[in-house]
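S.K.: After the structure tokens below, expect a handful of questions from me.
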Amino acid sequence: MTRTATVNYHVHKPWRQAFELDAGGIAGNLISPELASTAVALTDARTTSNTVTFASDAVEFALLETQVQDFTGEVWKPTYDAELTAMLSNKLGAREVVVFDHTIRMDDPGATRKPARNVHSDYSKDGAEQRLVDLLGAEAAAEWARGHYAFVNVWRPVDHPINSAPLGFVRPSSVEPSDWILLDLIYPDRNGQIMGLVGNPRHEWIYQSKMTPDEVAIFNIYDNRGAPSIAHSALDMVEDSNVNTIRKSIESRTLVRY
């Protein structure tokens, strides 16, 4: 059965656009560029006959049970980082994994970090190369850059299966190079650069319905050997109108060396 959802695409402008995070020094205050609300058709990876794989689609859905029962505070991080490292080493053949960020998002008006409702990928080429230096230092970054490295995200539901605002992905083979635009990312203490996606009726949207806290989405953000980055966004949709759980998730950012 074909499902539909609403997403917010970026739009072409004659000038460079930007997101300003924690604008004015207020946590969670976000200033966004213009977005275009668009209805899209979805392919559910849980029901499609065509397997969705990281190698062919830049995203893969997998079972990954965790020993972590509570993602508040800091004590869970070493355990979860070890679980992610083992999975990425096994599934992607990574010989080194650096887990460097976790973001917990809640689809609640009072949440500091809400689901990202714009179609994007987390780094441009320049943004990824700068982030590599930020994380490793110039000397180590240069050594990694001589080989094959990538930024890979792992997303998981927290507390409940996802009933609303699931995470959706655009199959890279359906994206034209001209669909991408550069976006500045302005933090109080640093600047970055991401990629926004402009709407195209050819885009093929993938998601996995009713993902549980034992399931993860593994997806490629940047690969220095040219594997495609995948555009993604929270989808405005509800699976079951009789369920009222709040969408909560954790997205972990990793740097992998192949």
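S.K.: Under the rule a/c < 1.5 gives rounded, and otherwise a/b versus b/c splits prolate from oblate, where does the chain land using the Cα gyration tensor?
M.R.: rounded
S.K.: Do the alpha carbons of any pairs in Lys114/Lys210; Lys13/Lys210; Lys77/Lys125 sit beyond 25 Å of each other, and which pairs?
M.R.: Lys13/Lys210; Lys77/Lys125
S.K.: Still on this structure, please answer the following. Can you give the percent of C-alpha pairs in the stretch 175-241 whose distance is more than 16 Å?
M.R.: 65 percent
S.K.: Sticking with this one: Can you tally the net charge around Ile250? Count Lys and Arg as +1, Asp and Glu as -1, for every other residue whose Cβ sits under 14 Å from the Cβ of Ile250.
M.R.: Net charge in that neighbourhood comes out at -2.
S.K.: Same structure again: Picking from Asn244, Asn220, Asn153, which is most flexible by a Gaussian network model of the chain using Cα springs under 10 Å?
M.R.: Of Asn244, Asn220, Asn153, the Gaussian network model singles out Asn244 as fluctuating most.
S.K.: A follow-up question, please. Among Arg202, Arg146, Arg171, which one shows the highest mean-square fluctuation when the chain is modelled as a Gaussian network with alpha-carbon springs under 10 Å?
M.R.: With Cα springs under 10 Å in the chain, the top fluctuation among Arg202, Arg146, Arg171 is at Arg146.
S.K.: Sticking with this one: Choose one answer from Tyr80, Tyr207, Tyr123: the residue with the largest mean-square fluctuation in a GNM of the chain with alpha-carbon springs under 10 Å.
M.R.: Tyr80
S.K.: Relative contact order of the chain: what whole-number percent is it, with Cα pairs under 8 angstrom and at least 6 residues apart?
M.R.: Working: 563 pairs, mean separation 85.7, N = 258.
Normalised by residue count, the contact order of the chain is 33 percent.
S.K.: Now for a separate question. List Ser209, Ser178 from most exposed to least, where exposure is judged by having the fewest other Cβ atoms within 10 Å.
M.R.: Result, fewest neighbours first: Ser178, Ser209.
Readers should treat all values here as calculations from the given coordinates under stated rules, not as data from a laboratory. Not measured: the values here are computed from a predicted model. Here the Cβ is made from the backbone with ideal geometry for all residues, glycine too, and neighbour counts use every protein chain on show.
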